[in-house]
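See below for the structure under consideration.
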Amino acid sequence: MKLYKDFLTELFPQCERVRKVSLNAGLSCPSFCAYCNNSSFSHVAKTELPVLGQLEAGIKNVRKKNTGILAYFQSYTNTNAPAEKLREIFTPVIRHSDVAGLAIGTRPDCLHEQVVELLAELNKIKPIIVEIGVQTANDATLKNINRNHTAQCTRDAAFLCKNSGLSTTAHIIVGLPGETMTDFINTANLVKDCGFSSLKIHPLHIVKETRFADEYKKGKIKLLSFEEYCKAAAEVIRIVSPDIAIERISAESPKDILIAPDWAGDRTRIGERIASIA
């Protein structure tokens with residue numbers, strides 16, 4: 001299995017290590033997913049600091065010696081704006097002397113040609129990783145979770161980015177309502193076929209202030225067990241390996257927001273079980 005740190009070493013050979021600093025660009029999402037509460041995964045989701053202020057604060061929390069800063073536009077959809085507005089947001093950050101590159105979290109339906117052209121232009125200054133919320137290859141599931149895009153949209157966006165020289169990371173969720181191992185395999189094959197550079201795998205977890213929280217409380221959603229999730233994640237990794245680096249296999253949310261399952265953020269336990277299955 002290729003590790004994410006190996007991918008970062010290839011992309012940033014000048015850095016002994018690379019650390020992400022999360023940023024909020026002040027953008028929103030074209031639609032909000034049934035499972036999503038940005039505060040569950042991004043500590044800057046509610047910040048009032050300007051972007052460069054967030055960056056400076058984040059850099060202070062990172063040991064800087066021989067460390068490259070990967071400025072991570074994490075909150076919401078970070079290409080959900082005209083290209084020229086995005087240029088104003090991204091350019092000062094990518095030109096910051098401590099920044100080695102950018103990671104930009106977004107959705108496939110917000111990666112239009114003009115936006116990708118801008119990212120390709122900035123990629124000539126410093127490396128850019130485009131993190132795309134794929135979630136699943138099942139169009140019926142995508143509709144149910146209110147993504148409002150299709151798997152074909154993911155293919156189009158991924159190939160557009162790849163053909164423009166951009167590195168890409170896929171985010172997928174294992175355990176979405178109604179999905180089975182067949183769906184997980186189909187999603188893994190989609191990720192592999194699109195040529196993603198790296199992959200984040202998350203178990204479906206229920207957090208407060210979401211539609212899924214209400215449905216879970218009403219017994220309408222059944223979560224995978226720990227063992228079921230690990231078996232599915234191991235199969236996904238088997239399909240995409242060895243070409244795609246695995247960045248994440250867990251889903252860490254604050255305890256005051258997380259409803260279930262209680263093991264979702266236990267990456268050590270999850271990692272050990274997946275390794276034993278593989």
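The values are calculated or read from the model by the stated rules, or taken from the named source; none is laboratory data. Remember, it's a predicted structure, so these values are computed and weren't measured experimentally. In this analysis, Cβ positions are derived from the backbone assuming ideal geometry, glycine residues included, and neighbour counts consider all displayed protein chains. The area values use the complete protein model at the heavy-atom level, side chains included, leaving out ligands, DNA and RNA. Shrake-Rupley method; radii C 1.70, N 1.55, O 1.52, S 1.80 Å.
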Where does each of VAL18, VAL174 land when they are ordered by accessible area, with a 1.4 Å probe and the largest first? VAL18, VAL174
Could you calculate the FRET efficiency of SER241 with ASP139 from 1/(1 + (r/R0)^6), where r is the beta carbon distance between them and R0 is 45 Å, rounded to 0.05? 0.95
For the chain, take the longest principal axis of its alpha carbons; what is the angle in degrees between that and the long axis of helix 226-240, to the nearest 10 within 0 to 90? 50
Looking at the range 38-136, which GluC sites (Glu not before Pro) are in a loop (DSSP not H, G, I, E or B) and have at most 11 other Cβ atoms within 10 Å? GLU48
Phi to ³J(HN,Hα) by Karplus 6.51 cos²θ - 1.76 cosθ + 1.60 over the range 152-159, Hz, x for Gly, Pro: 5, 4, 4, 4, 4, 5, 5, 5
Could you work out the relative contact order of the chain? I mean the mean sequence separation of Cα pairs under 8 Å and 6+ apart, divided by the number of residues, in percent. 19
Those chymotrypsin sites (Phe, Trp or Tyr not before Pro) in the range 76-176 that DSSP places in a loop and that have at most 14 other beta carbons within 10 Å: none
Mind checking which of PRO108, PHE90, GLY178 is farthest towards the positive end of the range 79-215's charge dipole, using Cβ charges of +1 (Lys, Arg) and -1 (Asp, Glu) about the Cα centre? PHE90
Please work through the chain and write down the cysteines that have no neighbouring cysteine Cβ at a distance under 4.7 Å. CYS15, CYS29, CYS110, CYS153, CYS161, CYS194, CYS230
Cβ crowding within 10 Å averaged over residues, with 133-139, 210-216, 238-244 ranked highest first: 133-139, 210-216, 238-244
Residue among VAL240, PRO203, TYR216 farthest towards the positive dipole end of the range 200-278, charges placed on Cβ: TYR216
Among residues other than LYS231 whose Cβ falls under 15 Å from its Cβ, what is the net charge (Lys/Arg +1, Asp/Glu -1)? -3
List, in the order given, every pair from LYS162/LYS208; LYS64/LYS126; LYS5/LYS143 whose Cα-Cα distance in the structure shown is over 30 Å. LYS162/LYS208; LYS5/LYS143
About the Cα centre, and with charges only on the beta carbon of Lys, Arg (+1) and Asp, Glu (-1), how big is the dipole of the range 238-278? Nearest 20 debye, please. 120
What whole-number volume per residue, in cubic angstrom, does the convex hull of the C-alpha atoms of the range 1-125 give? 131
Only four residue types carry charge here, +1 at the Cβ of Lys and Arg and -1 at the Cβ of Asp and Glu. Report the dipole size of the range 208-278 about the Cα centre in Debye, rounded to the nearest 20. 240
Along each of its three principal axes, how wide is the spread of alpha-carbon positions in the chain, in whole angstrom units, largest first? 49, 36, 36
Name the residues whose placed amide hydrogens come within less than 5 Å of the amide hydrogen of ALA260, ignoring near sequence neighbours (fewer than 5 apart) on the same chain. ILE206
Need one word for the range 173-278: rounded, prolate or oblate. Basis is the Cα gyration tensor (sqrt eigenvalues a ≥ b ≥ c); a/c below 1.5 gives rounded, then a/b vs b/c decides. prolate
Explain nothing, just the number: dipole magnitude of the chain about its Cα centre with +1 on each Lys and Arg Cβ and -1 on each Asp and Glu Cβ, in debye rounded to the nearest 20. 560
Among trypsin sites (Lys or Arg not before Pro) in the range 23-128, those in a DSSP loop whose Cβ has at most 10 other Cβ atoms within 10 Å are LYS46, ARG63, LYS65, LYS124
In whole Hz, with x marking every Gly and Pro, tabulate ³J(HN,Hα) for the range 184-191 from phi via Karplus 6.51 cos²θ - 1.76 cosθ + 1.60, θ = phi - 60°. 5, 5, 4, 5, 4, 5, 4, 4
Listed residues ASN78, ASN24, ASN146; largest mean-square fluctuation, Gaussian network over the chain with Cα springs below 10 Å, found at ASN146
